[in-house]
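The values are calculated or read from the model by the stated rules, or taken from the named source; none is laboratory data. Every value quoted in this text rests on a predicted model; they were computed, and no experiment measured them. Heads up, the Cβs are rebuilt from the backbone with ideal geometry, glycines too, and the neighbour counts pull from every protein chain shown.
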Amino acid sequence: MSVIDGLKRLFGGGSAPAPDRPPAETPAGAPAPDGPMPSDDDVRDALMAVMDPEAGMNVVDLGLVYGMEIKDDGIYVTMTMTSPACPATGSIVDEARAVIRRIAPRNARVMVEVVWDPPWTPERMSEMARLSFGWRSGLGK
């Protein structure tokens, strides 16, 4: 990846992200080309393994996953970061693609798009995440 591509990815510039292409060779244990698509719950469970290194918590409990759509041709996820200046955006997106790729059929498209609207707020966090940061239900109100 060039420096320009890295900056575009970091700051959200440029065109829409290219889809994650399936590898030319499938590693052992990967789903068959005609395997079933995972469910929303399967994708959510896989994304729970993706950690925000600054917050020390998974992206699902942080409320960073805005949506997912399972289609015949692939898995499409929209997510955000806690800040547009997040230096870990690229690695978090790459890791999200990788964990989804592990549960997707070999020929499925895997797209993870970062969006900034609506902006992330702490209200999106799970109750468990709020408690781990020492916030009571209702964010300490």
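Considering only segment 44-71, how many residues are part of a helix (DSSP H, G or I) and within 22 Å of Pro118 (Cα to Cα)?
The qualifying residues number 2.
How many residues are of a type in the set (Val, Ile, Thr) and surrounded by fewer than 22 Cβ atoms within 10 Å (Cβ to Cβ) if we restrict to segment 76-91?
So the answer is 3.
Here are Pro22, Pro31: which of them is modelled with pLDDT under 50 and either touching a Pro at 6+ places or on another chain (Cβ under 7 Å) or closer than 22 Å to Arg124 by Cα (or both)?
Only one candidate passes the filter, namely Pro31.
Going by the structure shown, is Trp120 at pLDDT below 95 and touching a Gly at 6+ places or on another chain (Cβ under 8 Å)?
Considered against the rule, which asks whether it is at pLDDT below 95 and touching a Gly at 6+ places or on another chain (Cβ under 8 Å), Trp120 comes out as yes.
Those residues that are of a type in the set (A, V, I, L, M, F, W, C) and in a loop (DSSP other than H, G, I, E, B), I need them from segment 72-95; list them, please.
Scanning segment 72-95 gives Met81, Ala85, Cys86, Ala88.
Out of Arg97, Arg101, Arg106, I need the residue that is surrounded by 14 or more Cβ atoms within 10 Å (Cβ to Cβ), over 14 Å from Asp73 (Cα atoms) and not polar (S, T, N, Q). Which one?
Within the list Arg97, Arg101, Arg106, the selection yields Arg97.
Give just the number: which of (1) under 13 Å from the mean Cα position of the chain (by Cα); (2) more than 19 Å from Asp40 (Cα to Cα) does Val93 not satisfy?
With respect to (1) under 13 Å from the mean Cα position of the chain (by Cα); (2) more than 19 Å from Asp40 (Cα to Cα), Val93 is out only on (2).
Test each condition in (1) in contact with a Pro (Cβ under 9 Å, 6 or more places away or on another chain); (2) without any contact (Cβ under 8 Å) to a residue 60 or more places away in the chain; (3) loosely packed, with under 15 Cβ neighbours inside 10 Å; (4) not β-branched (Val, Ile, Thr) for Trp116 and report the one that comes out false.
Single failed check for Trp116: (2).
Taking the options Glu113, Glu69, Glu127, name whichever one is among the acidic types (Asp, Glu) and under 11 Å from the mean Cα position of the chain (by Cα).
Glu113
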